[in-house]
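Colleague: One structure is given below, represented as C-alpha cells, and several questions about it will come after.
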Amino acid sequence: MALAMIYIILGFVFASYLRPIAVMTIIPFGFVGAVVGHYLTGFDLTIISLVGLLGLSGILVNDSIVLVTRVQERLSEGEDLETAATGAARDRLRAVMLTSLTTMGGLAPLIFEKSLQAQFLIPLAVTIVFGLAGATVLVLMLVPALVGIGGDFDRLTRRVARLYGFSDKPVGTHA
C-alpha cells in the first residue's frame, strides 16, 4: 500500500506514468542491501526491520527525486536526454552521497550499541545503513539510465501513434 501511495504522489508531481517507476525501481536494491546486512551482522529480519525498510524507501526515493528533477531542469534548458541524464548525475553526486553518508554515519553507532534499551532498534539501523550502502551508487547509475529508457519508450510510442494515424504530425518530424 505504501508503494502505491508513493507511485500516486510521484505521478502527480512528475505528471508522468513512467518517471515514478524510474524513481521507485531503486527500492528493491535497497531491500537486497538490507537483507545482506542482516545476514552479515547475524540479526533476524523483524517487524522493526520492515519499519526501517519504509524509512530506507523514503531516503532512496528522495535521492532519486533529486536526480529526476535535475534531469527535467536540464531538459527544459534545451539539452538532449542523454546529456541531461548524465549531467544530472554529475550535478547531484555530492547531494546524494552526502545524504547517504550522513545517514549511515549517524546510524552506524547504533549497530554497535550494547545497551539493552537499544537492542530493539538495531535491526532498523542495520536495514537503513546496509540498504543505503548497497543502493546509493545504483541511484546515481540506474535512475538516469531508466529515465533514458523511459525517453526511448516515449519516442517509440509517439512514433507508432503517428504511424497509425493517432497524431496529425508526419512520421519523419519530431514532436
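The values are calculated or read from the model by the stated rules, or taken from the named source; none is laboratory data. Being a predicted model, the structure only gives us computed values, none of them experimental. Because the Cβ atoms are built from the backbone with ideal geometry, glycine has one as well, and the counts that use them run over all protein chains shown. Remember, those area values only see protein heavy atoms, side chains included, never the ligands or the DNA or RNA. Shrake-Rupley method; radii C 1.70, N 1.55, O 1.52, S 1.80 Å.
Colleague: Among all residue pairs at least 6 apart or on different chains, which show Cβ distances below 6 Å where the first residue, located in segment 110-133, is within 11 Å of F43 (Cα to Cα) and the second is polar (S, T, N, Q) and open to solvent by 20 Å² or more (accessible area, probe 1.4 Å)?
Modeller: Correct list of pairs: P123/T46; V126/T41.
Colleague: Restricting to segment 108-126, and then to whatever is farther than 15 Å from G52 by Cα and assigned to a loop (DSSP other than H, G, I, E, B), can you tell me which residue is least open to solvent (accessible area, probe 1.4 Å)? First the steps, then the outcome.
Modeller: Pass one, segment 108-126, residues farther than 15 Å from G52 by Cα: 109, 112-117.
Cutting the leftovers down to assigned to a loop (DSSP other than H, G, I, E, B) gives us 112-115.
Values: F112: 152, E113: 76, K114: 175, S115: 41 Å².
That would be S115.
Colleague: If you don't mind, another one. Here's a check for you: in segment 1-39, which residue that is over 12 Å from L56 (Cα atoms) and not in a helix (DSSP H, G or I) is nearest to the chain's Cα centre (by Cα)?
Modeller: Here the residue is T25.
Colleague: How about segment 40-49: which of its residues are without any contact (Cβ under 8 Å) to a residue 40 or more places away in the chain and assigned to a helix (DSSP H, G or I)?
Modeller: So the first thing to find is which residues in segment 40-49 are without any contact (Cβ under 8 Å) to a residue 40 or more places away in the chain, and the list is 42, 47.
Result: I47, single match.
Colleague: Restricting to segment 75-87, what's the tally of residues that are surrounded by 14 or more Cβ atoms within 10 Å (Cβ to Cβ) and assigned to a loop (DSSP other than H, G, I, E, B)?
Modeller: So the answer is 1.
Colleague: Still on this structure, I have one more. From the list T102, T136, which one is in a helix (DSSP H, G or I), surrounded by 20 or more Cβ atoms within 10 Å (Cβ to Cβ) and either at negative phi or of a type in the set (V, I, T) (or both)? It would help to see each step written out before you state the result.
Modeller: Numbers: T102 fails: surrounded by 20 or more Cβ atoms within 10 Å (Cβ to Cβ).
Residue meeting the stated conditions: T136.
Colleague: Something else now. Pull out all pairs, ordered by first then second residue, where Cβ-Cβ is under 6 Å, the residues are six or more apart or on different chains, the first lies in segment 58-74 and is in a helix (DSSP H, G or I), and the second is of a type in the set (A, V, I, L, M, F, W, C) and open to solvent by 40 Å² or more (accessible area, probe 1.4 Å).
Modeller: So the pair list comes out as V66/A95.
Colleague: If you go through segment 158-166 one residue at a time, do you hit one that is over 26 Å from T83 (Cβ atoms), out of contact with any Ser or Thr (no Cβ under 9 Å at 6 or more places or on another chain), at pLDDT below 90 and part of a helix (DSSP H, G or I)?
Modeller: For segment 158-166, residues over 26 Å from T83 (Cβ atoms), out of contact with any Ser or Thr (no Cβ under 9 Å at 6 or more places or on another chain), at pLDDT below 90 and part of a helix (DSSP H, G or I): present.
Colleague: Of the conditions (1) modelled with pLDDT of 90 or more; (2) open to solvent by less than 80 Å² (accessible area, probe 1.4 Å), F14 satisfies every one except a single condition; which number is it?
Modeller: (1)
Colleague: Here are some conditions: (1) more than 21 Å from Y7 (Cβ to Cβ); (2) open to solvent by 10 Å² or more (accessible area, probe 1.4 Å); (3) of a type in the set (G, A, S). G37 meets all but one. Which one does it not meet?
Modeller: So G37 meets the others, but not (2).
Colleague: Given (1) in contact (Cβ under 8 Å) with a residue 24 or more places away in the chain; (2) out of contact with any Lys or Arg (no Cβ under 7 Å at 6 or more places or on another chain), where does T83 come up short, assuming only one miss?
Modeller: Condition (1) is where T83 drops out.
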